[in-house]
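These notes concern the structure reproduced below.
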Amino acid sequence: MYNDLIKEVDPCIRCGNCFMICPVVDLLPPSLKALNLLPLNLSRYIDFIKLSPDLPYYCTQCGECVLYCPLSIMTPRVFLLLREFSKGQALPSKIRDAILNTGNIYGMPNEMRVDWVTYAGLSGKVPVGVKADVAYFLGCMTSFRARLQKVAKACAILLNKVGESWTILGPEEHCCGLPLLFAGYVDAFKEIANRNVGALEHLGIEEVVFTCAGCYRVFKYEYERRGVKPPFKVLHVIEYIADLMKEGKLRLRRGKSKLNITWHDPCELSRYCGLVDEPRFILKALTDNLVEMSDSREWSKCCGGGGLLRAVHTELSSSMAKRRVEQALEVHADIIATACPSCILTLEEGAKGIIKVKDIVELVAEAF
Amino acid sequence: MKADVVVIGGGIAGRMVATLLAKKGLTVILVTRGLGATALSSGSFDILGFIDGRLVRDPLEALNRVATNSPEHVYALLGRGREACRIMCKSLGLFKDMIARYLKIEGTFDKNMILPTVIGTLKPCAYAQETMKSGDVNSFNGEHLLIITLKNLVFHEGSELFERILVSGLTPGKVERISHVSIKASGPSLTCSPLTLAKALDKEKAANRFANEISKILASIPGVTRIAIPPVLGVDNVHVVYEILRENVSLPVFELLSSVPSVPGIRLCRALERMSRGAGVKIMTGWEAMKAHVEGNVVRELSVRHELSGSIERIAGEDFVIAYGHILGGLQVLDDSVYEPLLGMTLGSITIFTEPFKTLSFALKIGIKVDDDMRVLIGGEPIGNLYACGAALGGVDPAREGIGMGLALSTAYKVFTSLTS
Amino acid sequence: MSQEVLVLERVIIIGGGATGAGIARDLALRGLNVILLERGDLASGATGRCHALLHSGGRYVVKDPESARECVSENEILRRIAPHIIEDTGGLFVSLPHDPDDYPDKFAECAKKIGVKLRELDVSDAYSIEPMLRKGIKRAFWANDAVIDPFRLVILNVLDAVRHGAEVRTYTEVISFLREGNHVIGVKVYDRIHGQTYVIKADFTVIAAGAWSGILAEKAGAKVPVTADKGTLLVIPYRIFNTVINRLRPPSDGDIIVPHQLANIIGTTSIPVNDPDMASPSRDEVARMMNAAVELSPAFASVRVIRAYAGCRPLAGEGAHGREASRTFTIIDHEKEGEIWSLMTIVGGKLTTYRLMAERLSEMLISKLGIRSPCATHKEPLPGADGINVEELIKKYKVPSLVARNIMRRWGSLAVDIVNSARVPLDYAVTCACELVSRAEVRYAIRNFFVRKPVDLIRRVGVCMGPCQGLSCILPLLSEYVKEKPDIDVLDELRELVKERWKGSAPVLKAAQLRQWLLTYTLFYSAFRRRTK
């Protein structure tokens, strides 16, 4: 483990770019910030990391630093490796226990994963655990959080509208495992990956659609990287929608009002998966007034909701969200559209009602 | 994926050639890992600063001389004598115009400005970002210099040291007096990074407050003739910020050339991104070029890898351009040899000297060899459709000779002419 | 023209390494009036170029039992008087697949005879202590090895000597000895910073100049048989090993790896050299040692080496041959040799036994001077040794905990003085981020630790020693220095700092470190340029 860590940081030439652009570093308390702890240095203070287990959690895993590094050092991976050294501390082990015992990050009974269907008034319209072509994988946040259940509803309406043969996994859906990776539990992650892939395979699924950017990235890349290759196609809903539109299977009405919409690129989609053109293609069909924030596409700024930062350093996460919202206000946006449950919750809190935050699926569902 | 031309490298050379080609109507894919070494640049655009350690006053005349008399010099690739000068002027002129919407650069070809860096050392360059131009010590005469440091900027308090180094390099009489003042710039009250500060200043309100603060201080320090500021005057909106400053402070104000990490460097990179995107270049950010697939003596495809996800793609193209910089960019260092990863060839090995920096100078000169049309040579034979430009060519020591941006832009332009002729 | 200043002292000690500093402290504690002269900076010779091992004696049991015995007792004493600068890492002696089969038993037997405490471990236990060890080790022993910080050891000895009335002058080179008949009555010195020559008189003079002792003694007209034996060491900026790792085989290149501060130090070679001033690491030595290190852990293959440095062991005896020579020490009373009076020389020995060497020499010296005063150095702890609680430091002074831990690690309870000198929170901002040296510490060192040039700070507080080798700390460091001592030529000092760092980097320059230097080069080259006004 230590070997992997030093191999990763060794090429660092200490130019300081990562430290300068990191949205988290910028908001650190001065005493911590003045230490100028670049990843290379941090990796040399393993003993100290063990004493201050919250230190490696000052990272949202947004990956912006990778683009700014002349040597492309995978700083987010460095932080994950550092987190492995603080395994067993209160927070990470709490998350692991919740996921392994109940199947979701909230530690709720996993059967409650279907409750949103009733709340959304879609009883009977959402197939649960049946054999189908397409599965909709909600993810923990979307399944349990009231705000995000609206996104699930919109997605269900969309799938019904295009007449897809589809299903959700319901109680058989487990956390995708990303929080386990973020908390340094690689072995537990593999176990959970097998459970999820097994459940989907069992239903003969050909395509899995996601509204969660994190789940999508994990299914698309992280499972295979850790030896669990999914035998089905992995699509984020924005890819799914864009494909439908290009094939002429979905027609959208233009937004009634002349609202300015801006697209907040979730890190997991833009930087990690390169999905930057699809959402803009969809939004251009919805509005004439697509405005871009000063940091967008691959260069998007993190909302502060990723990488368990929110769980450990909540205030810092909120400040980051505020900054991102300010960027949207600067370009006079009325709606921040995005496609990541974590971004929605974080930005909505940062927006304090001044500006609307919507999932792109919600916007699409409104435009049938 | 497919394009007419695939450009590898998103620094100044790559963006220049990609933009020129896209403006000509070709489809261009630009593959870049991210910012690269251009982001570490100081904000100046140097053509030729030193020959044999002697300061160059007229870079164009010096270029003419070098390109005529030293056929082995990298500038001889541009052509002999006047032809090299023509290409240099054309490329810088074009670049200046193309990027003007996003970033203003100023200067002349035939006279080097001498600009102070944040360390206090002096650097000759033909062009610089507009915010730096008033720092030209050629125009200094008995100045009373006010050095402004920023309280909420981490690690920018070395103004005594800066003054000592600066003065030791100036001819007596240039500067009569130096005053220091430390103010808190707008922006977060915490100690913040230069980039955050620059972004805060991007907003007109903050820029106005900053300008007022400076005018207030000027009232208490009589006789100031020039004002030096750390390089943080905005990122995307620098032109407006500078205008505000100039209007409010009726004295010449200038930014110092940056060290690393560099706000002017990032400013330039963001402007380059906009310039190339605006011209219609398809930019693949976060992708690393892995391997060029050669058949016969032409490159058919390029394998690229997405760094964060690890997924691999192939891009087909008619022509390919290497513009990935030197060993802080695409060239690899394996033990003590310099290695070209796309074709898998070793370009040379580094000799170690005991004299400080001679080794590094030697290492920098190792690079990709090209023919007169800038086509990459393997064992003396050109690859039909693979071109190279910028620092990847090696052949010079940018630090010692004061050659950087000028080389990148002129060779990029030369590749463009080869590709379109 | 030389300007003569007369200073009267009782004892002159020449050599500001561990031995000289140890003697200065020993004599000062006994109430003598001493002046310590060093031609460079404190700990800039062999002391600052060793592998910093506090020997358990294990390394010498087979070849050099006398040294081993000395180490056993000194190890205990130093742990008592200087616990704050000792890291109790413990040591592993491991036998690799191709190491001789009979060596471990011989080793254990000898250790038992001498009294070096050893414990044979299950091989699996060795791996749980050091998971990065290569696969397939045959046997493993645990010994009482530790790591001592040589820079702090010297400065603390000097500091304590000065607190007891001694004087220290660095960058003061002895150019000749003053004689009155057969008596050495003082020295003529050259101040290398101010360019002055002057005379210091004394009743007695001690040469403790390590490998340079022979050359110095010759100037006094005496003869000292000493052989300079070059040992090269490499620095890896990571703690791949956290215990001292020794190979169980007859001594050879690259058979020891020592965790020191945040780094691993790979040691060492043994090559006799003629001129200790010219001893520098060769690329060939570097390659041999890297191979040996990779044998101990494959992890060494994939990381950068930031530095190589060579120190000269002052082996006692003429033509003493490298690894065969004993590491014990010799005190020469030149009066007994019938040559020169009032002059003694000490050569040989090692860092671990510096105190014992000082004690023996001081005993001889005071009995010659007819003074009776007992030795105190085995009882009196060094400054900073009285333990304080780091948590208290953090809470009471609101020091960021990482900074507090680092100051403590370097200075023990002197940390209280250091944090007391800080005025604003930003004083805890780091000057050197690699080694986490705070601004407060740098400033305190400039004021209190006999610093005469900015480069001295490298040895005093460990700035510039990390992976970037000065790139990001040289300027803040100079900036701090100029504030305290404005009277320097900043460009000269900047160049000297860069050159000093380059010296150790050149022999190991490749891959990552080459790129690192490229950045340093582009940033600092302009400071090296000839001025074209």
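Could you tell me whether region A:39-50 includes any residue that is surrounded by 23 or more Cβ atoms within 10 Å (Cβ to Cβ), in a helix (DSSP H, G or I), away from chain B (no Cβ under 14 Å) and in contact (Cβ under 8 Å) with a residue 60 or more places away in the chain? No, because not a single residue in region A:39-50 is surrounded by 23 or more Cβ atoms within 10 Å (Cβ to Cβ), in a helix (DSSP H, G or I), away from chain B (no Cβ under 14 Å) and in contact (Cβ under 8 Å) with a residue 60 or more places away in the chain.
Only a single criterion out of (1) touching a residue at least 12 places away in the same chain (Cβ under 8 Å); (2) out of contact with any helix residue (DSSP H, G or I) (no Cβ under 7 Å at 6 or more places or on another chain) is not satisfied by C:Ala376, namely (2).
Residues that are within 24 Å of the chain's Cα centre (by Cα): which helices (runs of 4 or more DSSP H) entirely in region B:164-268 hold 1 or more of them? By residue number, B:194-201, B:238-248.
The rows are residues; the columns are (1) touching a Lys or Arg at 6+ places or on another chain (Cβ under 6 Å); (2) without any contact (Cβ under 8 Å) to a residue 60 or more places away in the chain; (3) under 30 Å from C:Asp203 (Cα atoms).
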position: C:Arg25; (1), (2), (3): no, no, yes
position: C:Leu32; (1), (2), (3): yes, no, yes
position: C:Leu53; (1), (2), (3): no, no, no
position: C:Arg69; (1), (2), (3): no, yes, no
position: C:Arg80; (1), (2), (3): no, no, no
position: C:His84; (1), (2), (3): no, no, no
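Taken together, C:Lys223, C:Lys230 contain a single residue that is more than 14 Å from chain A (Cβ to nearest Cβ), farther than 24 Å from C:Ile148 by Cα and outside any helix (DSSP H, G or I), which is C:Lys223. Taking region B:84-110 as the range and being among the aromatic types (Phe, Trp, Tyr) and either modelled with pLDDT of 95 or more or buried (at least 21 other Cβ atoms within 10 Å of the Cβ) (or both) as the test, the residues that pass are B:Phe95, B:Tyr102. When B:Ile29, B:Ile47 are screened for being in the same structural domain as B:Gly390 (by TED's automatic domain parsing) and outside any strand (DSSP E or B), only B:Ile47 passes.
What about C:Pro281, is it closer than 23 Å to C:Thr227 by Cα, within 14 Å of another protein chain (Cβ to nearest Cβ) and at pLDDT 90 or above? Yes, satisfied.
Could you say which residue among C:Leu518, C:Leu471, C:Leu475, C:Leu497 is closer than 26 Å to B:Leu328 by Cβ, within 13 Å of chain B (Cβ to nearest Cβ), free of Cβ contacts under 8 Å to residues at least 24 places away in the same chain and buried (at least 24 other Cβ atoms within 10 Å of the Cβ)? It would help to see each step written out before you state the result.
Details: C:Leu518 fails: buried (at least 24 other Cβ atoms within 10 Å of the Cβ); C:Leu471 fails: free of Cβ contacts under 8 Å to residues at least 24 places away in the same chain; C:Leu497 fails: free of Cβ contacts under 8 Å to residues at least 24 places away in the same chain.
Sole residue among the options that is closer than 26 Å to B:Leu328 by Cβ, within 13 Å of chain B (Cβ to nearest Cβ), free of Cβ contacts under 8 Å to residues at least 24 places away in the same chain and buried (at least 24 other Cβ atoms within 10 Å of the Cβ): C:Leu475.
Restricting C:Ser421, C:Ser413 to residues that are more than 14 Å from chain A (Cβ to nearest Cβ), among the hydroxyl-bearing types (Ser, Thr, Tyr) and touching a Gly at 6+ places or on another chain (Cβ under 6 Å) narrows the list to C:Ser413.
The numbered conditions (1) more than 24 Å from A:Ile360 (Cβ to Cβ); (2) modelled with pLDDT under 95 are all true for A:Glu164 except (1). Within region B:316-327, one or more residues are more than 14 Å from chain C (Cβ to nearest Cβ) and of a type in the set (Val, Ile, Thr). Out of A:Glu84, A:Glu8, one residue alone is away from chain B (no Cβ under 11 Å), acidic (Asp, Glu), assigned to a helix (DSSP H, G or I) and under 27 Å from A:Tyr106 (Cβ atoms). It is A:Glu84.
Reported count of residues in region C:233-242, each being away from chain A (no Cβ under 14 Å) and touching a Ser or Thr at 6+ places or on another chain (Cβ under 8 Å), is 1. Can you work out which of the residues in region C:423-458 that are among the aliphatic types (A, V, I, L, M), part of a loop (DSSP other than H, G, I, E, B) and out of contact with any Asp or Glu (no Cβ under 9 Å at 6 or more places or on another chain) is nearest to C:Glu480 (Cα to Cα)? The selected residue is C:Ala429.
Apart from one condition, B:Phe353 fits all of (1) surrounded by fewer than 20 Cβ atoms within 10 Å (Cβ to Cβ); (2) within 13 Å of another protein chain (Cβ to nearest Cβ); (3) touching a residue at least 12 places away in the same chain (Cβ under 8 Å); the exception is (3). For region C:86-121, a tally of residues being free of Cβ contacts under 8 Å to residues at least 12 places away in the same chain and over 31 Å from the mean Cα position of the chain (by Cα) returns 4. Of all helices (runs of 4 or more DSSP H) completely enclosed by region A:251-368, which ones contain at least 3 residues that are touching a Ser or Thr at 6+ places or on another chain (Cβ under 9 Å) and farther than 30 Å from A:Arg225 by Cβ? The qualifying helices (runs of 4 or more DSSP H) are A:314-330. If you filter region B:368-394 down to residues that are crowded, with 23+ Cβ neighbours inside 10 Å and not aliphatic (A, V, I, L, M), you find that the one that is nearest to the other protein chains (Cβ to nearest Cβ) is B:Gly390. Could you list all residues from region B:1-26 that are in contact with a Gly (Cβ under 6 Å, 6 or more places away or on another chain), part of a strand (DSSP E or B) and of a type outside the set (Val, Ile, Thr)? Matches in region B:1-26: B:Ala3 only. Screening region B:115-139 for residues that are assigned to a strand (DSSP E or B) and polar (S, T, N, Q) and picking the one that is farthest from the other protein chains (Cβ to nearest Cβ) gives B:Gln129. All of C:Ala511, C:Ala506 fail the test of being farther than 28 Å from B:Ser168 by Cα, surrounded by fewer than 24 Cβ atoms within 10 Å (Cβ to Cβ), without any contact (Cβ under 8 Å) to a residue 12 or more places away in the chain and within 11 Å of another protein chain (Cβ to nearest Cβ), apart from C:Ala506. Residue count for region C:255-278 satisfying the condition of being within 19 Å of the chain's Cα centre (by Cα) and either within 17 Å of C:Leu296 (Cα to Cα) or within 14 Å of chain A (Cβ to nearest Cβ) (or both): 14.
Quick grid of which residues meet (1) of a type in the set (Gly, Ala, Ser); (2) more than 15 Å from the chain's Cα centre (by Cα); (3) surrounded by 21 or more Cβ atoms within 10 Å (Cβ to Cβ):
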position	(1), (2), (3)
A:Lys258	no, yes, no
A:Thr262	no, yes, yes
A:Leu269	no, no, yes
A:Ser294	yes, yes, no
A:Trp299	no, yes, yes
A:Gly304	yes, no, yes
A:Gly307	yes, no, yes
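Would you check which residues across region A:52-77 are over 17 Å from A:Met20 (Cα atoms) and in contact (Cβ under 8 Å) with a residue 60 or more places away in the chain and list them?
Across region A:52-77, the qualifying residues are A:Asp54, A:Tyr57, A:Arg77.
Residues of region B:287-297 include none that is surrounded by 21 or more Cβ atoms within 10 Å (Cβ to Cβ) and in a loop (DSSP other than H, G, I, E, B). Does C:Leu382 satisfy the condition of being of a type in the set (A, V, I, L, M, F, W, C), under 25 Å from the mean Cα position of the chain (by Cα), modelled with pLDDT of 90 or more and over 30 Å from C:Val424 (Cα atoms)? Taking the combined requirement at face value, the residue does not satisfy it.
The values are calculated or read from the model by the stated rules, or taken from the named source; none is laboratory data. The shown structure was predicted, so the numbers you read here are calculated from the model rather than taken from an experiment. Don't worry about glycine lacking a Cβ; one is built from the backbone with ideal geometry, like all the others, and counts go over all protein chains shown.
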